[in-house]
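A.B. asks: Okay, here's the structure, questions in a sec.
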Amino acid sequence: MGYAFERAPFLFVRSIFCVSLIQVTRIYLDNAATSYPKPETVYAAVDHYQRHIGVAVGRGAYREATTAQRMLDQCRQSAARLLRAESPDRIVFTLNGTDSLNMALMGVCRPGDHVITTEFEHNSVLRPLRWLKDHRGINVTVLRPETNGQIDPSQVRSEIRPTTRLVAVQQASNVTGTVQPIEEICAIARQANVLTLVDAAQSAGHLPIDLGQLPIDLLACPGHKGLLGPLGTGLLYVRSGIEQAMTPYRLGGTGTQSEDDRQPDAMPDRLEAGNHNAPGLAGLAAGLAFLEEHTVTALQLAEAELTARLVQGLREIPGVTVYGHQPAAPSVGVMSFNITGFAPHEAASILDDSFGIQARAGLHCAPGVHRFLETFDNGGTIRFSVGAFTSIQDIEQALAGVRELTGA
Ligand SMILES: Cc1ncc(COP(=O)(O)O)c(C=O)c1O
C-alpha cells in the first residue's frame, strides 16, 4: 500500500501524459469476462435482426417469422456441429453460462443426492450447489487440485458413493486457464453411472470439444465469450435421454402444443420456454459461423502463442508473479499475476488509466482458486485473457505497460 502510494504522483503524471499526448488505445484483455470485439458479422446480424426482422421466434407464420425460425434453427445446428452434439435439438438456448449451469444443477440434483465438484469452480457452480445443500439437502464433496492446478481423476473415483448423482467440473479455469482432464474424469463418472456436467465457459470456442467422443451428459457454455455472440446468450447441451432425469427449470409458452397446459416433452421445448433473445441469437449464429470458417483449432493455436509470449514476458519482469501456466498442465489464454507493492485492483486501474490496458482484478467469482493460490487475502490477482482478436502488438503493449508500472 505504502509503496503504491509513493508511486502515485509519478503515475498521475504519466496518466496525464498518456491521456493528453498519446491517444491511449484500448487493449482489451478481458475476454474471459466476455469477448470483445466481436466479428463484424455479429454486429451486422444483431442490427439486421432488430431493424428488419424484429419478430418473436416460433410464434407466427408470416414471412419474417419464418426467417426468424430459420435463423434460430441455423444457430442451433451450428452449435451442435461445433460441439459435435448428436443432434441440434440437444442444444437448449439460455441467457448466459450461469443460466445454463443453474438449469443443469437445479434440474438434476434431488434431495439426498451427492455431488462431486472442485475448488476451482466459478460461483455459478458453487452458489447453486450451496443453495441445493441448504434447501434440498444435497451433499457436496469439493476436490482440491494437485499443485499443477489439475484434479487427479483417481480422486473422483475414490469419492464416488452410492448416492453420487453428479460430477460438476470446469474444463478450464477462469483464473489460471488450467485445463482439467475432463475426458478421464467424465469416463470414471460414466463407468459408475454418475452424471457429468462440464462448465465450458472458458473453453468453448477456445478448444475443440467433441461431444461424440467425450462422455459428457451436460455441457454449459456462455454464447458471449469464446463463441463470440453478444451478451445475453448461452446454451446447455443435454445428452439424449438426460432431460427425462431433469426437473424443469422454467416452464411456459413454446409456440407448440399450445392446447396443453403441460410442458411439451420434446426437446428443446421441454427446457426452453418463453421468447428467445432472438437478436442475440442472430449474433450468436454469426459468431458460430465465424468459428466454423476460421476453425477453433486455428484460433486455439494463435491464442496459445499469444499466451505463451504474455506469460514469458511477464515472468521476466522483476516483481511480477505469474500463477498457473506450468508446463505440466495445459491451459487456455487466461492468466493471473500480481505485482509486488500493488493491490490487484489498484494495478488494474492504473494499467487502464495510464496505458489503456483492460484487465480484470479481484477474485473473479472463483474464491476457491484464490485460496488455492494463496492470493485470497491480498484481494486476488490481475487477470489477462486473450481472444480471437488479440494481436501480438496488444501483448507487447501490455507487457510494456506492466514493465513501466513496475519501474523495470
Ligand atoms: C468458469 C466460468 N463459469 C461460469 C461463468 C458464468 O458465465 P456467464 O458470465 O456467461 O454467466 C464464467 C464467467 O466468467 C466462468 O468464467
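The values are calculated or read from the model by the stated rules, or taken from the named source; none is laboratory data. As the structure is a computational prediction, the values presented were derived from the model and not from experiment. Note that each Cβ is placed from the backbone with ideal geometry, even for glycine, and that neighbours are counted across all protein chains shown.
A.B. asks: In segment 89-101, how many are of a type outside the set (D, E, K, R) and either closer than 22 Å to residue 163 by Cβ or more than 15 Å from the ligand (Cβ to nearest atom) (or both)?
C.D. replies: Filtering segment 89-101 down to residues of a type outside the set (D, E, K, R) leaves 91-98, 100-101.
From what's left, either closer than 22 Å to residue 163 by Cβ or more than 15 Å from the ligand (Cβ to nearest atom) (or both): 91, 101.
Number of matching residues: 2.
A.B. asks: Name the residue, out of 157, 127, 70, that is within 16 Å of the ligand (Cβ to nearest atom) and without any contact (Cβ under 8 Å) to a residue 40 or more places away in the chain.
C.D. replies: Selected residue: 127, the only one of 157, 127, 70 that is within 16 Å of the ligand (Cβ to nearest atom) and without any contact (Cβ under 8 Å) to a residue 40 or more places away in the chain.
A.B. asks: Scan segment 229-238 and tell me whether some residue there is among the hydroxyl-bearing types (Ser, Thr, Tyr) and either part of a helix (DSSP H, G or I) or free of Cβ contacts under 8 Å to residues at least 40 places away in the same chain (or both).
C.D. replies: no
A.B. asks: Among the residues of segment 339-393, what is the count of those that are farther than 20 Å from residue 199 by Cβ and part of a helix (DSSP H, G or I)?
C.D. replies: Matching residues across segment 339-393 total 14.
A.B. asks: Assuming residue 399 fulfils every condition listed in (1) in contact with a Gly (Cβ under 6 Å, 6 or more places away or on another chain); (2) more than 22 Å from residue 37 (Cβ to Cβ); (3) surrounded by fewer than 23 Cβ atoms within 10 Å (Cβ to Cβ) apart from one, which condition is it?
C.D. replies: Only one criterion in (1) in contact with a Gly (Cβ under 6 Å, 6 or more places away or on another chain); (2) more than 22 Å from residue 37 (Cβ to Cβ); (3) surrounded by fewer than 23 Cβ atoms within 10 Å (Cβ to Cβ) is unmet by residue 399, namely (2).
A.B. asks: Hey, among 251, 310, 284, which residue is buried (at least 22 other Cβ atoms within 10 Å of the Cβ) and in the same structural domain as residue 179 (by TED's automatic domain parsing)?
C.D. replies: That would be 284, the only listed residue that is buried (at least 22 other Cβ atoms within 10 Å of the Cβ) and in the same structural domain as residue 179 (by TED's automatic domain parsing).
A.B. asks: Taking residue 211, is it buried (at least 20 other Cβ atoms within 10 Å of the Cβ) and touching a helix residue (DSSP H, G or I) at 6+ places or on another chain (Cβ under 7 Å)?
C.D. replies: No, not satisfied.
A.B. asks: I'd like to check which strands (runs of 3 or more DSSP E) are fully inside segment 59-162 and have at least 3 residues that are under 24 Å from residue 34 (Cβ atoms). Walk me through it before giving the result.
C.D. replies: Numbers: elements: 91-94, 114-118, 139-143.
Result: 91-94.
A.B. asks: Looking at segment 227-248 only, could you name the residues that are surrounded by 24 or more Cβ atoms within 10 Å (Cβ to Cβ) and of a type outside the set (Val, Ile, Thr)?
C.D. replies: Passing the criteria: 227, 228, 229, 234, 235, 236, 237.
A.B. asks: Search segment 176-197 for residues being over 11 Å from the mean Cα position of the chain (by Cα) and within 16 Å of the ligand (Cβ to nearest atom), and hand back the single one that is surrounded by the fewest Cβ atoms within 10 Å (Cβ to Cβ).
C.D. replies: 179
A.B. asks: Here's something else I'd like to know. So, in segment 107-124, exactly how many residues are touching a residue at least 60 places away in the same chain (Cβ under 8 Å) and either in contact with a Cys (Cβ under 6 Å, 6 or more places away or on another chain) or within 15 Å of the ligand (Cβ to nearest atom) (or both)?
C.D. replies: Counting residues in segment 107-124 that are touching a residue at least 60 places away in the same chain (Cβ under 8 Å) and either in contact with a Cys (Cβ under 6 Å, 6 or more places away or on another chain) or within 15 Å of the ligand (Cβ to nearest atom) (or both) gives 7.
A.B. asks: Now for a separate question. Out of all the residues in segment 130-151, which are among the β-branched types (Val, Ile, Thr), over 13 Å from residue 173 (Cβ atoms) and within 16 Å of the ligand (Cβ to nearest atom)?
C.D. replies: Residues of segment 130-151 among the β-branched types (Val, Ile, Thr): 138, 140-142, 147, 151.
Add one more test, that the residue is over 13 Å from residue 173 (Cβ atoms), and what stays is 138, 140-142, 147.
The one that is among the β-branched types (Val, Ile, Thr), over 13 Å from residue 173 (Cβ atoms) and within 16 Å of the ligand (Cβ to nearest atom): 142.
A.B. asks: Which of the residues that make up segment 288-303 are within 26 Å of residue 405 (Cβ to Cβ) and surrounded by fewer than 16 Cβ atoms within 10 Å (Cβ to Cβ)?
C.D. replies: Narrowing segment 288-303 to residues within 26 Å of residue 405 (Cβ to Cβ): 303.
Within segment 288-303, none qualify.
A.B. asks: Moving on. Select, from 94, 118, the only residue that is over 20 Å from residue 254 (Cα atoms) and surrounded by 15 or more Cβ atoms within 10 Å (Cβ to Cβ).
C.D. replies: So the residue among 94, 118 that is over 20 Å from residue 254 (Cα atoms) and surrounded by 15 or more Cβ atoms within 10 Å (Cβ to Cβ) is 118.
A.B. asks: Picking from 324, 319, which residue would you name as being within 16 Å of the ligand (Cβ to nearest atom), assigned by TED's automatic domain parsing to the domain that holds residue 402, among the small types (Gly, Ala, Ser) and surrounded by 14 or more Cβ atoms within 10 Å (Cβ to Cβ)?
C.D. replies: Of the residues listed, the single one that is within 16 Å of the ligand (Cβ to nearest atom), assigned by TED's automatic domain parsing to the domain that holds residue 402, among the small types (Gly, Ala, Ser) and surrounded by 14 or more Cβ atoms within 10 Å (Cβ to Cβ) is 324.
A.B. asks: Is it the case, given these coordinates, that residue 338 is surrounded by fewer than 18 Cβ atoms within 10 Å (Cβ to Cβ) and either closer than 30 Å to residue 146 by Cα or modelled with pLDDT under 95 (or both)?
C.D. replies: no
A.B. asks: Related question: Among the residues that make up segment 256-276, is at least one of them within 13 Å of the ligand (Cβ to nearest atom), in the same structural domain as residue 94 (by TED's automatic domain parsing), hydrophobic (A, V, I, L, M, F, W, C) and touching a residue at least 40 places away in the same chain (Cβ under 8 Å)?
C.D. replies: Looking for residues that are within 13 Å of the ligand (Cβ to nearest atom), in the same structural domain as residue 94 (by TED's automatic domain parsing), hydrophobic (A, V, I, L, M, F, W, C) and touching a residue at least 40 places away in the same chain (Cβ under 8 Å), one finds none in segment 256-276, hence no.
A.B. asks: All but one of (1) basic (Lys, Arg); (2) assigned to a strand (DSSP E or B); (3) farther than 23 Å from residue 103 by Cα hold for residue 165; state the number of the condition that does not hold.
C.D. replies: (3)
A.B. asks: May I ask you to verify whether residue 82 is farther than 22 Å from residue 241 by Cα and either touching a residue at least 12 places away in the same chain (Cβ under 8 Å) or in contact with a His (Cβ under 8 Å, 6 or more places away or on another chain) (or both)?
C.D. replies: no
A.B. asks: Hey, among the residues in segment 214-226 that are in contact with a Leu (Cβ under 6 Å, 6 or more places away or on another chain) and in a loop (DSSP other than H, G, I, E, B), which one's surrounded by the fewest Cβ atoms within 10 Å (Cβ to Cβ)? Reasoning before the result, please.
C.D. replies: Looking only at segment 214-226, we keep the residues that are in contact with a Leu (Cβ under 6 Å, 6 or more places away or on another chain), and these are 217-218, 220-221, 223-224.
From what's left, in a loop (DSSP other than H, G, I, E, B): 217, 223-224.
Numbers: 217: 24, 223: 33, 224: 27.
Ranking the candidates gives 217 first.
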